[in-house]
Structure formats: structure tokens, C-alpha cells
Amino acid sequence: MIKTILTLIVALVSYIMNGQEISGQWNGLLKIQGTQLRVVFHIAKTETGYISTMDSPDQGAIGIPVTKTSFENAVLKLEIAAIRGSYEGILNSNNVIVGKLTQAEKSVDINLSKEITQKEVSRKPQEPVKPYPYYSEDVKFENKAAHVTLAGTLSLPKKEGNFPAVILITGSGPQNRDVEGLGHKTFLVLSDYLTKKGIAVLRFDDRGVGESTGDFSSATTFDFAKDVQAGVEYLKTRKEIIKSKIGLIGHSEGGIIAPIVAGNSRDIDFIVLLAGPGLKGDKLLLLQKELIERQSGMPEEEIQKGQEIFRGAYDILLASSAFDDTFKNKITSYFKSKFPGPKNEAMAKYCADFINNIWFYNFIKIDPASVLEKVKCPVLALNGGKDLQVPAEVNLEVIKKTLLKSGNKKVTTKILPDMNHLFQECKTGSPNEYEKIEQTFSPIALDEISSWILSQIK
């Protein structure tokens with residue numbers, strides 16, 4: 001799932017923190033509109049007072065700056081410019097901070113403690129339960145060039161026989177083989193459905209995640225593509241797999257990775273792009289930011305100001321020739337100029353650190369059109385009509401136009417109405433809905449995917 005400035009800052013409906021010996025890590029659970037979000041606050045004492053940052057593990061957001069931290073007479077006060085909110089709580093005798101987060105004049109109770117917070121887990125209706133009516137095996141394979149071992153699960157319709165196969169490719173951010181997050185296991189549900197339809201499925205933990213080795217933080221989209229290619233090579237060694245019927249299904253960033261692999265390999269028989277980007281990264285992230293902010297009710301003036309600031313940062317990135325200290329210093333100086341003064345120092349640093357990232361740098365530089373034009377196998381591209389992260393019409397238009405122009409006539413594109421970025425049937429498409437929706441993956445979307453694949457492997 002593409003994680004951008006907007007997803008981290010806007011969709012971050014926030015949380016805040018504390019200490020008595022207030023220094024240290026404080027944990028809380030924000031419950032709002034059916035959504036649970038774990039919050040971790042790190043407070044440190046300095047010569048002049050306190051400084052702190054905030055993490056939202058469920059959204060992959062680390063180091064969100066807390067603009068101002070004060071602790072006097074057992075009262076913790078926090079100001080967080082990134083979410084335009086504040087927190088105030090009282091540390092009680094049980095070493096628990098009892099307080100409220102206020103944002104947009106609305107307050108939500110959230111208590112903080114030194115204890116690790118666990119979310120209240122309830123199994124989603126579509127999540128399969130063992131024993132499965134098919135064969136499932138934990139497997140490992142190597143990306144030898146990168147010295148990375150990928151760990152995953154291979155699902156086969158039956159233990160014996162020969163089957164067509166697909167590899168599931170995750171979106172951005174560290175994901176395990178099930179794409180487990182926000183109360184859902186998206187790839188487990190998708191894998192279960194496809195295997196029951198007679199299709200073998202390989203899904204695996206991203207490098208550096210779960211049981212896979214390697215360093216996720218230093219990897220780029222092209223590195224992830226090489227991990228997928230290693231998965232293809234592994235499937236070719238399995239006697240149960242029909243080697244001429246291997247396909248790829250990529251979600252979000254995986255919708256760029258799938259065509260990268262397919263464009264460089266004759267082993268790929270077909271690909272499915274689920275909310276795959278067609279626009280270049282800078283245009284996509286600006287549009288995504290604008291749509292989510294507008295849907296959340298942010299004033300238009302602030303939306304446009306944010307567009308101007310981040311467009312300028314992306315222009316610096318696109319004009320750069322290398323991800324080096326010169327580039328990093330330019331980005332750091334740029335954000336300092338846009339968020340001047342000591343009060344905005346934490347915000348400027350947060351924004352600079354987010355862009356001064358090797359994955360982000362390479363993602364913005366990728367032109368999906370240059371990747372798609374090399375793909376000659378059949379392509380199915382699906383988007384939810386209410387997807388705010390990879391908006392359907394504009395991205396599907398680029399995907400279809402590019403493939404047809406390059407001579408690939410085996411292209412199917414389709415917008416699925418009332419579905420969001422995760423292909424859940426939804427009301428608004430906002431990321432805030434993802435967790436509170438019981439449905440993990442729309443049966444309509446699952447049928448579209450499986451029916452098309454089965455038509456390709458006749």
C-alpha cells in the first residue's frame with residue numbers, strides 16, 4: 001500500500017505521549033470510528049526541558065515530530081503540528097497517563113503507559129481457518145546476487161498434480177507474506193481464493209521482514225523486482241508447477257514491480273496489476289495527497305500550500321543526478337526554508353528525512369510508462385473507483401494507452417465501482433476506513449481476477 005507524506009501525516013489521525021519519570025517509551029491505543037491504531041511516543045529529557053517523537057506502527061510511520069513537549073505537576077502537554085493537534089494528560093499513581101487527544105476541535109480519550117499495547121483482534125469473516133482444503137507449504141528461496149533468502153508460503157490445489165501459478169507482490173512499505181495490517185490479511189484471503197480455483201500461489205515476506213533475510217530500508221523497487229524474479233526461478237524448480245503458466249499479481253507498488261519483471265523475463269505468461277501506478281511518482285503522490293486531504297476536510301488553502309511545497313521538493317529530486325550528500329543537503333535546506341524557525345525545526349527535519357530515503361528517491365524517478373512499454377504478455381489492470389491513493393481513471397488511462405502504443409493488444413482494464421485502494425467495498429475510499437470495514441477483499445474483485453487468469457491459462 002503506497003505510503004506517502006499524506007498517508008503518514010494526513011491519514012495519521014494522531015496520538016500523543018508522556019512521562020513521570022516521563023522519559024522513555026509510552027504506548028497507547030487510539031480508538032476512533034471503529035479503527036484501532038497503536039501509538040508509541042518517545043520522550044527524552046534535555047538541558048532545557050523535553051523533546052519527543054511519535055510512531056504509528058500500524059501505518060509504518062516512525063519519528064513523527066512532536067513540536068512542543070512540556071511536563072509540569074504531573075501534567076503532560078504535547079503539540080503536534082504534523083497532525084494539527086494537541087494532547088494533554090495527567091500521570092496518575094499507577095504510572096498511566098490519562099488524557100485526551102484534540103484535533104479539529106474534537107477530542108478522543110487515549111491513555112498512555114509503559115506497557116506494550118496490544119490491539120483488540122477479531123478475525124475478519126473472509127480470513128480462512130486451518131485446516132485448508134488444499135496443500136500449503138512453507139518454503140524458502142534465494143536471491144543469490146543480493147545474498148537474500150526469501151521465506152514464504154506455496155499453496156497448491158492438491159499435493160500432487162501440475163498447476164498454473166502466480167506470485168503475489170506486495171505494495172510499498174515492509175509487508176509480510178499475508179500483507180497483514182489494519183486488522184486484515186489481504187494476501188492470505190487472495191491466496192486462499194485463487195488456490196481454491198485451481199491456481200498455485202506463492203506469497204513471501206519482503207526482504208528483512210518476517211522470516212526473510214536482508215535489509216528492507218536500503219532496498220529499492222528494482223531490488224524488490226529481483227526478489228520476485230528469484231521467486232519465479234524457484235517455481236520453475238517445482239514439479240507441481242506448469243512452467244509455461246507462471247503469472248504475477250502486483251498490488252500498488254507491486255503494480256510497477258510486476259511489469260519490471262515481465263518486461264525482462266520470458267518466463268512470465270501474464271500479469272495482473274491491482275491499483276498499479278500509471279502516473280510518474282511525483283504526479284501520483286501529489287494527486288494522492290490532494291485527494292486524501294480534501295476528503296478529510298482540510299481547508300483548500302492549506303491543501304494548495306502543501307501542493308506547492310512538495311512539488312518544489314519533487315522538482316529538486318527529479319533534477320538531481322544522484323542520491324548523494326549534495327542532494328540530501330539541498331532537500332534539507334529546502335524544507336528549512338519552507339518551515340523556518342525553531343518551532344518548525346522538527347517538521348522540517350521530518351519532511352527532509354522522509355524524502356532523503358533511497359527507496360523514495362528511486363520511486364519518484366521511475367516512469368511507469370517506460371516499464372510498461374516492454375511488457376508483451378497479457379495484462380489485466382484493475383482499480384477501485386473510490387481509490388484515493390492510486391486514482392482509477394487517470395492511472396488506468398496511462399497503463400492502457402502505453403501498452404497499446406507499444407503493440408501489446410492483450411490488455412484489459414477495468415474500474416470496479418465503490419472499491420478503495422485495498423479493493424474493499426467502501427463509502428468514501430479514505431484510508432481511515434480500511435480497518436473498520438469487515439470485508440478484506442471484495443468477492444467481485446476476487447472473481448474478476450480469478451476469471452481472467454483462468455481464461456489466460458486454458
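Could you say which residue among ALA369, ALA392 is under 23 Å from VAL272 (Cα atoms) and in contact with a strand residue (DSSP E or B) (Cβ under 7 Å, 6 or more places away or on another chain)?
Of ALA369, ALA392, the one residue that is under 23 Å from VAL272 (Cα atoms) and in contact with a strand residue (DSSP E or B) (Cβ under 7 Å, 6 or more places away or on another chain) is ALA392.
Could you tell me whether segment 380-403 includes any residue that is touching a helix residue (DSSP H, G or I) at 6+ places or on another chain (Cβ under 7 Å) and open to solvent by 30 Å² or more (accessible area, probe 1.4 Å)?
yes
Since LYS185 meets every condition but one in (1) of a type outside the set (A, V, I, L, M); (2) open to solvent by less than 70 Å² (accessible area, probe 1.4 Å); (3) more than 30 Å from LYS236 (Cβ to Cβ); (4) touching a residue at least 40 places away in the same chain (Cβ under 8 Å), which condition does it not meet?
Every condition holds for LYS185 apart from (3).
When you go through (1) over 30 Å from VAL232 (Cβ atoms); (2) open to solvent by 10 Å² or more (accessible area, probe 1.4 Å) one by one for ILE268, which number turns out not to apply?
(1)
Exactly one condition in (1) closer than 20 Å to ASP55 by Cα; (2) free of Cβ contacts under 8 Å to residues at least 40 places away in the same chain is not met by LYS106; state its number.
Tallying (1) closer than 20 Å to ASP55 by Cα; (2) free of Cβ contacts under 8 Å to residues at least 40 places away in the same chain, LYS106 fails exactly one: (1).
For segment 118-139, state whether one or more residues are within 21 Å of the chain's Cα centre (by Cα), among the hydroxyl-bearing types (Ser, Thr, Tyr) and closer than 30 Å to MET54 by Cα.
Checking segment 118-139: not a single residue is within 21 Å of the chain's Cα centre (by Cα), among the hydroxyl-bearing types (Ser, Thr, Tyr) and closer than 30 Å to MET54 by Cα.
Residues are listed down the side, and each one gets a yes or a no for (1) open to solvent by less than 10 Å² (accessible area, probe 1.4 Å); (2) within 19 Å of the chain's Cα centre (by Cα):
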| site | (1), (2) |
| --- | --- |
| SER218 | no, yes |
| GLU240 | no, no |
| LYS243 | no, no |
| GLY247 | yes, no |
| LYS289 | no, yes |
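The values are calculated or read from the model by the stated rules, or taken from the named source; none is laboratory data. Not measured: the values here are computed from a predicted model. Ideal geometry is used to build each Cβ from the backbone, glycine not excepted, and the neighbour counts take in all protein chains shown. Remember, those area values only see protein heavy atoms, side chains included, never the ligands or the DNA or RNA. Shrake-Rupley method; radii C 1.70, N 1.55, O 1.52, S 1.80 Å.
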